[in-house]
Amino acid sequence: MTPRFLILCGALVLALGVATGAFGAHGLRRLVAPDLLETWRTAAHYQVIHGIGLLLIAALWSRLAPAPAAWAGGLMLAGLLVFSISLYALVLSGIRSLGAVTPIGGLLLILSWLALALAAWRGAVS
């Protein structure tokens, strides 16, 4: 994990987050049940939040301990992919059992924020 890679991933995740949010708001409204539309919104919301999180890690990189900062970035990227993609797939396929994967992504996201806290604790943040 490098700051450049995190910025690249963060920017792409955010661009796709805006696109998926717009698709949900305009393209899916008449195609899926309201509860599934809300699930789509949750996926897009978490995607955008954690895209910003990736940019935050990159911006703070020089003040963080490198190893836990790298873990934070990797866990955040993996978590947002598992979380959001599992929910998008659930909505598009109608296979509700895909939701069983979503908590794994959520756990990875929680761990990413804890790794960021550790990176700050051990780093040069003043």
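Bear in mind that the values in this text are calculations on the coordinates, not laboratory data. Quantities reported herein were computed from a predicted structural model and do not represent experimental measurements. Note that each Cβ is placed from the backbone with ideal geometry, even for glycine, and that neighbours are counted across all protein chains shown.
Taking segment 1-49 as the range and being among the polar types (S, T, N, Q) and either surrounded by 18 or more Cβ atoms within 10 Å (Cβ to Cβ) or more than 18 Å from Ala72 (Cβ to Cβ) (or both) as the test, the residues that pass are Thr20, Thr39, Thr42, Gln47.
Output yes when any residue across segment 33-51 is assigned to a helix (DSSP H, G or I), of a type in the set (Ser, Thr, Tyr), in contact (Cβ under 8 Å) with a residue 40 or more places away in the chain and within 22 Å of Thr2 (Cβ to Cβ), and no when none is. No, the conditions are met nowhere in segment 33-51.
Scanning segment 87-126 for residues that are surrounded by fewer than 17 Cβ atoms within 10 Å (Cβ to Cβ), assigned to a helix (DSSP H, G or I) and polar (S, T, N, Q) yields Ser93, Ser97. Residues that are over 15 Å from the mean Cα position of the chain (by Cα), in a helix (DSSP H, G or I) and not aliphatic (A, V, I, L, M) within segment 20-32 comprise Phe23, Gly24, His26, Gly27, listed in sequence order. Taking the criterion of being surrounded by 17 or more Cβ atoms within 10 Å (Cβ to Cβ) and among the hydrophobic types (A, V, I, L, M, F, W, C), the residues of segment 70-84 that qualify are Ala70, Trp71, Ala72, Leu75, Met76, Leu77, Leu80, Val82, Phe83. For Ser84, the requirement of being closer than 16 Å to Ala15 by Cβ, in a helix (DSSP H, G or I), of a type in the set (S, T, N, Q) and in contact (Cβ under 8 Å) with a residue 24 or more places away in the chain is met. Out of Arg96, Arg63, one residue alone is without any contact (Cβ under 8 Å) to a residue 12 or more places away in the chain and in contact with a helix residue (DSSP H, G or I) (Cβ under 8 Å, 6 or more places away or on another chain). It is Arg96.
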